[in-house]
There are 2 protein chains.
Amino acid sequence: MKFFEDIRVGETSEIGRHIFTAEDIKAFAARFDPQPFHLDEAAAARSHFGRLCASGWHTACVWMRLMIDYRRREDEGRRARGEAVALLGPSPGFRDLKWTKPVYVGDTITYGTEVVEMRPLNSRPGWGMIFMRNTGVNQRGEPVISFVSSAFVECRDREPQAS
Amino acid sequence: MKFFEDIRVGETSEIGRHIFTAEDIKAFAARFDPQPFHLDEAAAARSHFGRLCASGWHTACVWMRLMIDYRRREDEGRRARGEAVALLGPSPGFRDLKWTKPVYVGDTITYGTEVVEMRPLNSRPGWGMIFMRNTGVNQRGEPVISFVSSAFVECRDREPQAS
């Protein structure tokens, strides 16, 4: 992670993409969202969706996984360049999650993030809070998910060994 | 599901409970949130959490599963009593998700829901929108998750066969 002081509102990143296969959609749904249109092609064809589609929670959880992988790649790059890596605290939550289109079987969703707000934390010196708008867009350019997440990020002045 | 006209703001329901085992926490994290404090007891002991704890997304996904199971049980009861069952449309999303305490290994989380707002939909005759505050509370009575979800619910006058 970058340090709080090095982050700017308006910064965007593509964090990764994921193809939602039938196996993938059904495995998630069987565990967490067993509705017919997430579990079975024939039942989905008879539903208002018309085709097998992913649970909205699945679309959100894939974002989490890609974000973890993205941050790891970025931090490995920083370490390889001899740069200090900021700590990231736990997320207190998020707001305004919208599922704007179904994610159908075979769709490729590209996830991106944009810093939309940041503030230093008087209550927790050495840490700042950042807010990011996270989005997923399908291969036709249609947004399928959007939400604003928040996270605690370490400030550079909390890190005496910073290079 | 109840019909829109039969729902009241302030109605509450306990939808179910779940024990978060180590196996359960690690399996979810390995797939969607591979951070050390969700994957490994020793790494969690060294983290700010101090003990193995569940991904916040896992806590949310278990709510989805328990809500599906709860609605099925309720609808089976209605059918057994010869009552009509209302359709529930897809959820457009939710807002204000807060993870207020970690969910530690062995915790039992009890999930509940309260209707907090409802409105008929002029844009979609025969349907209403309901907003519910969903919460999870651990065995010590501490809230661990809270969010407001929304859903389209069928109105009784859309259902000519209603008994």
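The values are calculated or read from the model by the stated rules, or taken from the named source; none is laboratory data. Bear in mind the structure is a predicted one, so any value in this text is a computation, not a measurement. FYI the Cβ positions are ideal-geometry reconstructions off the backbone, even for glycines, and counts take in every protein chain you see. The protein model used for the area step is the full one, side chains on, heavy atoms only, and it has no ligands, DNA or RNA in it. Shrake-Rupley method; radii C 1.70, N 1.55, O 1.52, S 1.80 Å.
Out of the residues in region B:41-70 that are charged (D, E, K, R) and either within 13 Å of chain A (Cβ to nearest Cβ) or touching a Pro at 6+ places or on another chain (Cβ under 7 Å) (or both), which is least open to solvent (accessible area, probe 1.4 Å)? Write out each step before concluding.
So the first thing to find is which residues in region B:41-70 are charged (D, E, K, R), and the list is B:41, B:46, B:51, B:65, B:69.
From what is left, the residues that are either within 13 Å of chain A (Cβ to nearest Cβ) or touching a Pro at 6+ places or on another chain (Cβ under 7 Å) (or both) are B:65, B:69.
Details: B:65: 67, B:69: 44 Å².
Here the answer is B:69.
Can you tell me which residue within region A:94-109, out of those that are surrounded by 17 or more Cβ atoms within 10 Å (Cβ to Cβ) and of a type outside the set (D, E, K, R), is nearest to residue A:127 (Cα to Cα)?
This residue is A:94.
Suppose we filter region B:13-29 for residues that are part of a helix (DSSP H, G or I), open to solvent by 60 Å² or more (accessible area, probe 1.4 Å) and not charged (D, E, K, R); how many remain? Walk me through it before giving the result.
Start the filter on region B:13-29 by keeping residues that are part of a helix (DSSP H, G or I), which leaves B:22-29.
With open to solvent by 60 Å² or more (accessible area, probe 1.4 Å) added as a condition, the list becomes B:23, B:26-27.
Retained after the next criterion (residues that are not charged (D, E, K, R)): B:27.
Total satisfying the criteria: 1.
Quick check, is residue B:25 away from chain A (no Cβ under 13 Å) and closer than 19 Å to residue A:91 by Cβ? Let's see the steps before the verdict.
Numbers: away from chain A (no Cβ under 13 Å): yes; closer than 19 Å to residue A:91 by Cβ: yes.
Spelling it out, residue B:25 is indeed away from chain A (no Cβ under 13 Å) and closer than 19 Å to residue A:91 by Cβ.
Is there a residue being part of a strand (DSSP E or B) and open to solvent by 30 Å² or more (accessible area, probe 1.4 Å) anywhere in region B:139-154?
We begin by selecting, within region B:139-154, every residue part of a strand (DSSP E or B); these are B:143-154.
Narrowing further to those that are open to solvent by 30 Å² or more (accessible area, probe 1.4 Å): B:143, B:152.
Scanning region B:139-154, I find at least one residue that is part of a strand (DSSP E or B) and open to solvent by 30 Å² or more (accessible area, probe 1.4 Å), so the answer is yes.
Return a yes/no flag: does region A:71-78 have any residue that is part of a loop (DSSP other than H, G, I, E, B) and within 14 Å of another protein chain (Cβ to nearest Cβ).
Keep residues of region A:71-78 that are part of a loop (DSSP other than H, G, I, E, B), which gives none.
Within region A:71-78 (the criterion being part of a loop (DSSP other than H, G, I, E, B) and within 14 Å of another protein chain (Cβ to nearest Cβ)), the answer is no, since none of the residues qualifies.
If the Cβ limit is 9 Å and pairs must be 6+ apart or interchain, which residue in region B:135-158 that is over 30 Å from residue B:123 (Cα atoms) and free of Cβ contacts under 8 Å to residues at least 40 places away in the same chain pairs with which residue that is surrounded by fewer than 19 Cβ atoms within 10 Å (Cβ to Cβ) and of a type in the set (Phe, Trp, Tyr)?
If the second residue must be surrounded by fewer than 19 Cβ atoms within 10 Å (Cβ to Cβ) and of a type in the set (Phe, Trp, Tyr), the pairs left are B:138/B:104.
Looking at A:112, A:82, A:128 in this structure, which one is within 25 Å of residue B:150 (Cα to Cα) and of a type in the set (Gly, Ala, Ser)? Break it down into steps so the answer makes sense when it comes.
On the way: A:82 fails: within 25 Å of residue B:150 (Cα to Cα); A:128 fails: within 25 Å of residue B:150 (Cα to Cα).
The unique qualifying residue is A:112.
Under the condition of being at pLDDT below 95 and not in a strand (DSSP E or B), which residue from region A:87-108 is farthest from the other protein chains (Cβ to nearest Cβ)?
Out of the qualifying residues, it is A:87.
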